[in-house]
Amino acid sequence: MKIVLLGGPGAGKGTQAAKLKQHYEIPHVSTGEILREARSSGTDLGKKAAEYMDSGKLLPDDIILGIVDERLGMPALENGFIFDGFPRTIPQAEGLDELLVTRGSALDAVVSIDVPDEIVVERLLKRAEIEGRPDDNRETIEERLSVYYKQTEPLKEYYGARGILKSVDGLGTVEEILDRIKTVLG
Ligand code: ADP
């Protein structure tokens, strides 16, 4: 099963991706995690990523598509994957389609996890206290939300037009939301 989890910052994509990974026994690929790892290893990519992440901006599409292309070349991803935090722009979605087509493959479903903005801000400020992620401060959160509406939300229409978009209510317990996702995935 090849799945994309879509949702704004703090929608719970990472949490649900970890659960789905266990349930379907397929790898979870988070571009945010990959960038945070690059950052803590101090690589060139990591240094560049830090500038964008801390201001709440997205990294250039070609950098992200390069990372994803490399991942898709791994045998572990041949039979399925859960992408979380990617694609985040229309060009990334088009790039992903191309990368999959050249591999004779395609996405099965895109699951949008929907959560109201007020709740998201609350959740992210709480996460800031617990995890100390440098991009979880009020200013950056507001920028990430605005970037989400401008650049990522249009993906709902993109995938909706292809008939593979499934939306779930992202309010409730982790298990409740997981059940909703399993139900829409059938
Ligand atoms: P969240 O979903 O909580 O906003 P992520 O961990 O998915 O956080 O991403 C954190 C940051 O990493 C983003 O704000 C952005 O700067 C960068 N990033 C992650 N994925 C992408 C992507 N697909 N395209 C561009 N930038 C990305």
If you go through region 70-114 one residue at a time, how many are closer than 22 Å to residue 164 by Cα and either among the hydrophobic types (A, V, I, L, M, F, W, C) or surrounded by fewer than 19 Cβ atoms within 10 Å (Cβ to Cβ) (or both)? 31
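Under the condition of being more than 8 Å from the ligand (Cβ to nearest atom) and either within 23 Å of residue 145 (Cα to Cα) or under 14 Å from the mean Cα position of the chain (by Cα) (or both), which residue from region 24-33 is surrounded by the fewest Cβ atoms within 10 Å (Cβ to Cβ)? Outline the logic, then answer.
Taking region 24-33 first, the residues more than 8 Å from the ligand (Cβ to nearest atom) are 24-29.
The next check asks that each one be either within 23 Å of residue 145 (Cα to Cα) or under 14 Å from the mean Cα position of the chain (by Cα) (or both); those that pass are 27-29.
Numbers: 27: 16, 28: 21, 29: 23.
Filtering region 24-33 for residues that are more than 8 Å from the ligand (Cβ to nearest atom) and either within 23 Å of residue 145 (Cα to Cα) or under 14 Å from the mean Cα position of the chain (by Cα) (or both), the one surrounded by the fewest Cβ atoms within 10 Å (Cβ to Cβ) comes out as 27.
To keep it simple, each residue is scored yes or no on (1) acidic (Asp, Glu); (2) within 10 Å of the ligand (Cβ to nearest atom); (3) in contact (Cβ under 8 Å) with a residue 60 or more places away in the chain.
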| position | (1), (2), (3) |
| --- | --- |
| 44 | yes, no, no |
| 49 | no, yes, no |
| 65 | no, yes, no |
| 72 | no, no, no |
| 75 | no, no, no |
| 82 | no, no, yes |
| 92 | no, yes, no |
Quick check on my filter: what residues within region 2-39 are more than 16 Å from residue 168 (Cβ to Cβ) and in contact with a helix residue (DSSP H, G or I) (Cβ under 7 Å, 6 or more places away or on another chain)? 9, 27, 28, 29, 30, 31, 34, 35, 38, 39
Among the residues in region 169-185, are any closer than 25 Å to residue 74 by Cβ and over 16 Å from the mean Cα position of the chain (by Cα)? yes
Confirm whether residue 178 is outside any strand (DSSP E or B), away from the ligand (no atom under 16 Å from the Cβ) and farther than 29 Å from residue 50 by Cα. yes
Could you say whether any residue in region 132-154 is away from the ligand (no atom under 16 Å from the Cβ) and either in a helix (DSSP H, G or I) or among the charged types (D, E, K, R) (or both)? no
Do we have residue 143 as charged (D, E, K, R) and either in contact (Cβ under 8 Å) with a residue 40 or more places away in the chain or closer than 15 Å to residue 12 by Cβ (or both) here? yes
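Within the group 18, 11, which residue is closer than 23 Å to residue 129 by Cβ and free of Cβ contacts under 8 Å to residues at least 12 places away in the same chain?
Working: 11 fails: free of Cβ contacts under 8 Å to residues at least 12 places away in the same chain.
Selected residue: 18, the only one of 18, 11 that is closer than 23 Å to residue 129 by Cβ and free of Cβ contacts under 8 Å to residues at least 12 places away in the same chain.
Every read-out reported here was derived from the displayed coordinates using simple, explicitly stated rules and does not represent laboratory data. Keep in mind that what you see is a predicted model, and the values were worked out from it rather than measured. Quick reminder, even Gly has a Cβ in these numbers, built from the backbone with ideal geometry, and neighbours come from all protein chains shown.
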